[in-house]
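To start, the structure under review is shown below, and the notes come after it.
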Amino acid sequence: MKEFNLDAALNGEPVQLRNGQKAYVVGLSKVGTEDGNSYIVGEYERNLCSWSKDGKYWLKRESEWDIVGMWEEPKLTSEQVLEKAYQEGLRVRFDDGFEYPVIGKARGGSYLLGDERNTYIMWCEDFGKPEICREDTAEPSPKSDTITVTLPKPFKPKDGEAFYYIYEYGIGYVKSYKEDDDGDVGLAKNAQCYRTKEDARKWLDFMKSMME
């Protein structure tokens, strides 16, 4: 948290109170407090409040309404970022630098992402933390009707574990996942590994049903 800055607060930046809430400073008053000095006047939950110039609500004791610093917006969780992108038609960027529109939601709280090739993947923690693309550079993604589907979750195979995957000719099978194989690692990173052929088939059928 940034330290309390009276000049910044007087210019409209919100402040944070000891109780964790947000408040605004609206000006200074020449009417003295206990020590006869000017004090800060502000607004908290639509109520007019006053503080000493160093942010104290009471001069002689600590209060939950003391100003303790400048307000910083709480960081969104991964799920909140994806929900915001889905609701507002924005793209998200992951640790690998790729951007995806969020095109739907699956039961259980997972999100469906579409890339430029019109394929669909389900978000999972292996992707890393998503962030909203800057609104001045991001292309808004078209908002479609809400999609509610039940799909099996992809998984990240362990070294030596078998898995199925989807590729241009249908469904493939790898007998033994290799952590030093770029192809296997790429499939796992992009959430394209499935435990059974049936799981992969459900995803393939879903993607075909989404084609225009």
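Read-outs: derived from the displayed coordinates by stated rules, not from any lab. On a predicted model such as this, the values are computed, not experimentally measured, just so you know. Please note: Cβ atoms are built from the backbone with ideal geometry, for glycine as well, and neighbour counts cover all protein chains shown.
Compute the Cα gyration tensor for the range 6-70, then decide on rounded, prolate or oblate, letting a ≥ b ≥ c be the square roots of its eigenvalues: rounded whenever a/c is under 1.5, prolate when a/b is larger than b/c in the other cases, and oblate in all that remain. Taking the square roots of the gyration eigenvalues as a ≥ b ≥ c, the range 6-70 is oblate. Residues of the range 37-78 falling in the label zone of LEU6, defined by backbone nitrogen less than 13 Å from a point 7 Å along Cα to beta-carbon, are 37-41, 51-56.
Pairs of Cα atoms in the range 146-207 fall into 5 Å distance bins, from 0 up to the last occupied one, in shares of 4, 20, 32, 23, 13, 5, 3, 1 percent. The length gained on full extension between LEU204 and GLU83, counted as 0.36 nm times the residue separation minus their Cα-Cα distance, comes to 41.1 nm.
Compared with the alpha-carbon gap, the fully stretched path from LYS197 to LYS156 is longer by 13.2 nm at 0.36 nm per residue. For the residue pairs LYS105/LYS175; LYS105/LYS208; LYS75/LYS153; LYS156/LYS202, the C-alpha atoms sit more than 22 angstrom apart in LYS105/LYS175; LYS75/LYS153.
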